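Here the structure comes first, spelled out in C-alpha cells, and everything after it is commentary.
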Amino acid sequence: MQMNQYFNRRLQQVKPSAILAFSEFANQIPNVVKFTLGEPDFNTPEHVKDAAIASIQANRSHYTPSNGTPELKQAAANFLANKYDQHYNPEEIIVTAGATEGIYTAVMSTLNPGDKVIIPTPTFPLYIADSMLAGGEPVLVNTSQNNFKLSPSMLQEALDQAGDKVRLVILNYPSNPTGVTYTQAELDALAAVLRDRPIFVLCDEIYSELNYDGPHASLVHSLRDQVILVTGVSKSHAMTGWRIGLLCAPQPITDELGKIHQFTITSAATVTQDAAQEALENGPDDALPMRQQYQERRDFIIEQMKKVGFSCARPSGAFYIFAKIPQDLNQDDDQFAHDLATNGQVAAVPGSYFGPGGAGYLRLSYATSMSEIKRGMKLLQQYVQKQRQN
Ligand SMILES: Cc1ncc(COP(=O)(O)O)c(C=O)c1O
C-alpha cells in the first residue's frame, strides 16, 4: 500500500533544511573552504570533558528528574544571575536536549492551530518549521530595511495586521544569520508594545556569550512575565554535540512547558548534564578566548570582503556575517552561491534560505580557522575578479 498521503498533513508544509542540503552539496567539492558551519570549531574545554568522564565512571547512567538535575539547574540559575542579571530560581528552569528542544517545547506549548507567530526575517529557519508543525501561522516581518532589527513600529504594524490571533513573537539576538543584536533600549521599546497583551515572546539567546560590542541585553529585563528564554552551552562552551539547552520562564509557564518536555524526551542525558554543570559552575568565562578569536576573524573577513565590493550590516555578535552581493554581480544569491562553490571553491549559504530580506545576500560563518579564512578570502577575491573580467 502506498502510504505517502497518510502522514500528518502539517509535514507537507515543512521542507527539509535547505542549509543542510547546501552544506552537503558543498562538501562534495574538493578543497572547498567552508563558511557554512553553524557551530564552534573549538574543542570542549578539558575540565568539562573530565567531568563527563567522572560522571561515566560514577555510573551516572540513570534518568534524572525530567526538568534536569537540581545541581545543574542551580548552576544555571547562578550563571544567568551573575553573568546577565537574569533571575530565575531552579524551579523555573528546564534542562533541554539542546536549545533546539527548548524552541520546540516553547512553540508546541504556546500555539493552538491557527494562532499567528511573528518572526522577524532573515531568520533561523527552525522557528518557521516548528511553528507550522504546531499548526501555527508564521507572520514573517522583513527587517532588511532596518539594519535587520525589528522596530517597535514594524512590530505594531504586524500586530495590527495579524489581529488578536498573534500568540507568539520569536526574537533571536545576537542573530543567526545576521550577527546583529539589540541594545537594551531597543528591547525595552519592543517590550512596551507587547506588555499586557496575551502574547508570549520566545527569546533565543543561545549566542549570549558572543557579544562583541558590550554587555548582553535581554528582553528578560523588560518583559519577564511574558518571556520564554532559550539558551544553553552549545555555543558558549563549544558543546553542540552534547545536546544541553536551558528553557527559563516564570513558574506558571515552566509548569506547562514541562509537560511537553516530559512527554517528548523524558530528560536530557545524565552525563552531559553533569558536564554542563561543570561548564557553568567552573567555566563561566570559557567563551572569552573563543570570543577574542571570533572577533579577529570577523574583522579580517569584513575588511577582505569590502575590498571586492561586499557590504554587510555590522555583526556585533554570534559568528556570522551577512554580506550583500555587489550590484555588478549575479544578484540571484542561490545561483551565485552554487557557482562560487563550484567554480571558486568557497561555500557560503544563500541569504534567501533565511526568509524575506535575505535575497541578494550570503551568510558566512567564521567558526573556522584563520588559515582557512585567509585561503577562502583569497579564493573569493580571485573569483570576483574573474567574474568582472568576463
Ligand atoms: C539561533 C540558534 N538557535 C538555536 C540553535 C540550536 O542550538 P542547539 O545546538 O543548542 O540545539 C542554533 C544552532 O545553530 C542557532 O543558531
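The values are calculated or read from the model by the stated rules, or taken from the named source; none is laboratory data. The model shown is predicted, which means the values in this text are computed figures rather than measured ones. A quick note on method: Cβ atoms are made from the backbone with ideal geometry, for glycine too, and the neighbour counts reach across all protein chains shown. The accessibility values were calculated without ligands, DNA or RNA, using every heavy atom of the protein model including side chains. Shrake-Rupley method; radii C 1.70, N 1.55, O 1.52, S 1.80 Å.
Considering only residues in the stretch 35-82 that are part of a loop (DSSP other than H, G, I, E, B) and of a type in the set (Val, Ile, Thr), the one that is farthest from TYR207 (Cα to Cα) turns out to be THR64.
Condition check: buried (at least 19 other Cβ atoms within 10 Å of the Cβ) and modelled with pLDDT of 95 or more. Does SER208 satisfy that? It is true that SER208 is buried (at least 19 other Cβ atoms within 10 Å of the Cβ) and modelled with pLDDT of 95 or more. Remark: THR368 matches the filter, which requires a residue to be of a type in the set (Val, Ile, Thr), open to solvent by 10 Å² or more (accessible area, probe 1.4 Å) and in contact with an Asp or Glu (Cβ under 6 Å, 6 or more places away or on another chain). Among the residues making up the stretch 62-78, a single one is out of contact with any strand residue (DSSP E or B) (no Cβ under 9 Å at 6 or more places or on another chain) and open to solvent by less than 20 Å² (accessible area, probe 1.4 Å): ALA75.
Among the residues of the stretch 206-222, the ones that are touching an Asp or Glu at 6+ places or on another chain (Cβ under 9 Å) and either within 16 Å of the ligand (Cβ to nearest atom) or among the hydrophobic types (A, V, I, L, M, F, W, C) (or both) come to 6 in all. Of the residues in the stretch 127-161, how many are among the charged types (D, E, K, R), assigned to a helix (DSSP H, G or I) and closer than 22 Å to ARG10 by Cα? Residues meeting the conditions: 1. Against the numbered list (1) among the β-branched types (Val, Ile, Thr); (2) in contact with a strand residue (DSSP E or B) (Cβ under 6 Å, 6 or more places away or on another chain); (3) surrounded by fewer than 23 Cβ atoms within 10 Å (Cβ to Cβ), THR270 comes up short only at (2). Restricting the stretch 174-205 to residues that are within 18 Å of PRO356 (Cα to Cα) and not polar (S, T, N, Q) leaves a set whose member that is nearest to the ligand (Cβ to nearest atom) is PRO177.
Among the residues of the stretch 315-329, what is the count of those that are touching a residue at least 40 places away in the same chain (Cβ under 8 Å) and assigned to a loop (DSSP other than H, G, I, E, B)? Spell out the reasoning first.
Going residue by residue through the stretch 315-329, those that are touching a residue at least 40 places away in the same chain (Cβ under 8 Å) are 315-323, 326, 328-329.
With the extra rule that they be assigned to a loop (DSSP other than H, G, I, E, B), the set shrinks to 315-316, 318-319, 326, 328-329.
Of the residues in that region, 7 qualify.
Scanning the stretch 330-371 for residues being free of Cβ contacts under 8 Å to residues at least 24 places away in the same chain, touching a strand residue (DSSP E or B) at 6+ places or on another chain (Cβ under 9 Å) and not acidic (Asp, Glu) gives a total of 2. Here GLN74 meets the list (1) under 27 Å from the mean Cα position of the chain (by Cα); (2) within 30 Å of THR368 (Cα to Cα); (3) not basic (Lys, Arg) almost entirely, failing just condition (2). Can you find even one residue in the stretch 90-99 that is of a type outside the set (D, E, K, R), away from the ligand (no atom under 16 Å from the Cβ), in contact with a Gly (Cβ under 9 Å, 6 or more places away or on another chain) and not in a helix (DSSP H, G or I)? No: zero hits.
Hey, can you tell me all the residues within the stretch 311-347 that are within 16 Å of the ligand (Cβ to nearest atom) and either basic (Lys, Arg) or open to solvent by less than 10 Å² (accessible area, probe 1.4 Å) (or both)?
Pass one, the stretch 311-347, residues within 16 Å of the ligand (Cβ to nearest atom): 315-322.
Those that are within 16 Å of the ligand (Cβ to nearest atom) and either basic (Lys, Arg) or open to solvent by less than 10 Å² (accessible area, probe 1.4 Å) (or both): PRO315, GLY317, ALA318, PHE319, TYR320, ILE321, PHE322.
A Cβ distance below 6 Å, combined with a sequence gap of six or more or placement on separate chains, defines the contacts here; from the stretch 79-100, residues that are open to solvent by 20 Å² or more (accessible area, probe 1.4 Å) and at pLDDT 95 or above reach residues that are within 12 Å of the ligand (Cβ to nearest atom) and not aromatic (Phe, Trp, Tyr) in the pairs ALA97/ARG243; ALA97/ALA268.
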